[in-house]
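Each remark here refers to the structure printed beneath this line.
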Amino acid sequence: MASREEILLRYRAYLDACNRRDWDDIGSFVADEVLVNGVKRTRAEYVADVRRTTRIFPDYQWELRRAVHEGEWLAVHLYDTGTRYWEFLGADGDGSSVATDEFDMYRIVDGLIVEVEGTADNARLRESDHRLSD
């Protein structure tokens, strides 16, 4: 089993790939099949889900705030920011700066993400975060 430091180093590399929009690299961190909130997804579908987020919020960034590691599981608190350029949950793509907190639990086996249970405060992504635009 990988050490906490190895898991965190690999997870930070995964976030870096997400933030750089390196779709092939993102896929290298994910198993052929991954369970996402109870739904089976292929690696390609998983990467497509990340891409979908970045189409709506082209400058979306995931920032790791906290991480807890136990066995195969890594629990993370992320702070996400971006600019809403396309409609999202009824909110116009009006160029608003947005920010939210995201909480995810990843099960990592042999260095690959095989399961994710997570949630973000999507309601905050429908509103402008004036603190970012001031």
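The values are calculated or read from the model by the stated rules, or taken from the named source; none is laboratory data. The model shown is predicted, which means the values in this text are computed figures rather than measured ones. Accessible surface areas use protein heavy atoms only, side chains included; no ligands, DNA or RNA. Shrake-Rupley method; radii C 1.70, N 1.55, O 1.52, S 1.80 Å.
Each eigenvalue of the Cα gyration tensor of the chain, multiplied by 5 and square-rooted, gives one semi-axis; in descending order these are 26, 16, 13 Å.
Look at the alpha carbon pairs under 8 Å that are at least 6 residues apart: their mean separation over the length of region 40-101 gives a relative contact order of 27 percent. Annotation: per residue accessible area for region 1-124 equals 54 Å², rounded to a whole number [probe 1.4 Å, protein chains only]. Solvent exposure of residue 22, expressed as accessible area, is near 50 Å², computed with a probe of 1.4 Å over the protein chains only.
Within the listed set 93, 27, 38, the residue fluctuating most in the Gaussian network model of the chain (springs between alpha-carbon atoms under 10 angstrom) is 38. For the chain, the carbon plus sulfur part of the accessible surface works out to 50%, probe radius 1.4 Å.
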